[in-house]
Amino acid sequence: MAAFGKLSQALLRSGLVQTRRQLSATAGHEGQAKKWKMLTFFVAFPCLGLCFVSVYLKEQQHSHEQPEFVPYSHLRLRSKRFPWGDGNHSLFHNAHLNALPAGYEGHDE
């Protein structure tokens, strides 16, 4: 029983020594963490904000007109019906931008 106690004490001490060594090794990296934190707040976030503003302003200038429908024979082929809805609309169908084989929806041409 005494041998088990001595063995457990030796293992415990060696584990504590390793933990102390690991903690002291990571103590030198606090400056690195502070540097990356400052870079995140003063470089990355402002860059993301500028990108957001740029995209927003471009979208405001963008024309929202419907593209002209040209009935090309190689586009909008339906060899098999879609398994949802009426079978003619794609899954992410946009009535303003995606034409059906006969043309845009709601237009009598």
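Where a number appears in this text, it was derived from the coordinates with a stated rule and is not lab data. Just so we're clear, the structure is a prediction, and the values are computed from it rather than from any experiment. Neighbour counts are summed over all protein chains in view; Cβ atoms, including those assigned to glycine, are modelled from backbone coordinates with ideal geometry.
L100's amide H: which non-local residues (gap 5+, or another chain) put their own amide H closer than 5 Å, with H modeled 1.01 Å from N in plane and none for Pro or chain starts?
The list, which skips near neighbours in sequence, is E105.
Please find the FRET efficiency linking H64 to N88, where r is the Cβ-Cβ separation and R0 is fixed at 22 Å, and quote it to the nearest 0.05.
Details: r = 24 Å, r/R0 = 1.10.
The computed FRET efficiency comes out at 0.35.
If each residue of separation counts as 0.36 nm, what is the full-extension length gain between A102 and W36 once their alpha-carbon separation is subtracted? Before the final figure, lay out each step's value.
Working: separation 66, 0.36 × 66 = 23.76 nm, distance 5.63 nm.
Using 0.36 nm per residue and subtracting the Cα-Cα distance, I get 18.1 nm.
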